[in-house]
Structures are given as C-alpha cells and as structure tokens.
Amino acid sequence: MTKSASHDRVTIFWHAVPNENKRDPRGEWMPVIDHNGKQRGDTYGRGYDLKTALALAKEAADKAVERYSGDWDITVGPKAGAPGVPKARAEKPAKPPKRVAPKSPWGEVDTPADQLPWRNSYANWTMRVGEAAAKHGAPIAFGSETYDAWEAGISPDAFAKARARK
C-alpha cells in the first residue's frame, strides 16, 4: 500500500493566542504552534507579553522542525493574520513560508539527483532493496549489514545486484 502524499508534508506555523487565565498579571498571551493544522501548546497558564510569546512560539516551532528529517517536506513560518505577525502589504504578494531542506547524512541536498528518497531514510532504502531484490532474484536478510550499506551510500539496486543468485 502506498502512503498518501499528505504524509510527506509537514506544516508548522507559530503564533500567540490570548491567555485564558484572566487573573495572571504577568501577561495576556500564550505561545503556540499549529502542527499540520492542529494547535499545540497551552492556552491557560503563565502568560507573557506578545513579543516574548511570539519568540517562545518561534523557538518551539524550530524545535519541532528538528524532529523531521529525511523524506519530509517541511514548511515553517509565522501564522498569517495572527496578532503580532506583520501583515503583508496589498501591493506585494506575501512571501511563502521558509522551506527547510531535508537533512541528509551526506550533507546538504543541492541537486534533484541528490534527493533520492533512499538516501535520507533507511526505511525507504529497505523498500527499494526489496524491489531490486525481486528484480534481480537476490535473497536479502535485513540487519546490521543492510544498515551499514545504507549508511555507506550504496544504492539499493547495486546492493541487490551484488547478492543476486547466479
């Protein structure tokens, strides 16, 4: 079964919401992030001023981005229309949110050829090895040897060809 394209995209927008704790004299705002359309963060608690709440929300968004590497297409930025977020001018189109390039054990991804899914994900590499093994008639036992081959950057096709039955 193939996975949906929506599972490859992660959107994280940071903003501040009004504190539901009306008795808190320290501040009126709480930092939150919207992760794939769902709000994450507390809305009741120790409040902050708007500038501090936005800074804490941005920090939480950056921390959430670190959790996703490999095949994920990550979009992160301030939530449009939220309090304290500058509004885009009518005469200029709004800038798209900052896109974070996928992290790779081989360094910066700079060309489309480097964005092969198996390079950034061992799970995708094993899927490709399984397909290549079926094509070449190679028995594959997954374990430390396959993981070491993935870390070394050996393509799934080359790995399966080397183990093909003669």
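The values are calculated or read from the model by the stated rules, or taken from the named source; none is laboratory data. This structure is a prediction, so every number in the text was calculated from the model and none was measured. Cβ placement follows ideal geometry from the backbone for every residue including glycine, while neighbour counts extend to all protein chains displayed.
Structure data summary
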{"quantity": "Selected residue (criterion: surrounded by the fewest Cβ atoms within 10 Å (Cβ to Cβ)) from residues of segment 111-153 that are modelled with pLDDT under 85 and assigned to a loop (DSSP other than H, G, I, E, B)", "calculated": "Thr111"}
{"quantity": "Residue within segment 37-53 that is basic (Lys, Arg), part of a loop (DSSP other than H, G, I, E, B) and modelled with pLDDT under 85 present", "calculated": "yes"}
{"quantity": "Checking Asp71 against (1) part of a loop (DSSP other than H, G, I, E, B); (2) at pLDDT 80 or above; (3) in contact with an Asp or Glu (Cβ under 8 Å, 6 or more places away or on another chain), the condition it does not meet", "calculated": "(2)"}
{"quantity": "Filter result for the condition that a residue is surrounded by 11 or more Cβ atoms within 10 Å (Cβ to Cβ) and at pLDDT 80 or above, over Val76, Val85", "calculated": "Val76"}
{"quantity": "Cross-chain or 6+ apart pairs with Cβ under 7 Å, segment 55-73 first and within 20 Å of Met30 (Cα to Cα), then modelled with pLDDT under 90 and not hydrophobic (A, V, I, L, M, F, W, C)", "calculated": "Leu56/Pro31; Leu56/Tyr48; Ala57/His15; Ala57/Pro31; Ala60/Pro31; Ala60/Gly41; Ala64/His35"}
{"quantity": "Hey, Pro93 out of contact with any His (no Cβ under 9 Å at 6 or more places or on another chain) and modelled with pLDDT under 80 or not", "calculated": "yes"}
